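The values are calculated or read from the model by the stated rules, or taken from the named source; none is laboratory data. What you see is a predicted model; the values in this text were computed from it and never measured. We work out accessible area using only protein heavy atoms, side chains counted, and drop any ligands, DNA or RNA first. Shrake-Rupley method; radii C 1.70, N 1.55, O 1.52, S 1.80 Å.
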Amino acid sequence: MNDKPSFLKNHADTVAIIGVNLAIAAILMAICLSNISSVNSRMDAANARMDTLHVMFYDLLKEGKK
């Protein structure tokens with residue numbers, strides 16, 4: 001008979017733990033990447049509002065000088 005031990009039989013728990021850890025790491029990376037993109041879009045919106053305010057103040061200053 002074949003008395004040679006199977007690698008997967010001896011290390012199935014290790015392979016399962018590694019698989020679960022890889023899945024958790026992938027989920028965490030996806031969450032981090034989605035948070036980064038939402039932060040960027042919020043910053044872009046804030047920058048657009050600030051630009052609009054600057055233009056409005058500039059226009060008010062121009063009208064006040066006339």
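Of LEU33, LEU22, LEU60, LEU8, all but one fail to be at pLDDT below 80, in a helix (DSSP H, G or I) and among the hydrophobic types (A, V, I, L, M, F, W, C); the exception is LEU8.
Is it the case, given these coordinates, that ARG49 is modelled with pLDDT under 85, open to solvent by 100 Å² or more (accessible area, probe 1.4 Å) and assigned to a helix (DSSP H, G or I)?
Criteria not met by ARG49.
For (1) open to solvent by less than 80 Å² (accessible area, probe 1.4 Å); (2) on the phi > 0 side of the Ramachandran plot; (3) over 25 Å from the mean Cα position of the chain (by Cα), each residue gets a yes or a no:
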residue	(1), (2), (3)
PHE7	no, no, yes
ALA26	yes, no, no
ILE36	no, no, no
VAL39	yes, no, no
MET43	no, no, no
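Of the residues making up the range 52-64, just one is open to solvent by 100 Å² or more (accessible area, probe 1.4 Å) and among the hydroxyl-bearing types (Ser, Thr, Tyr), namely TYR58.
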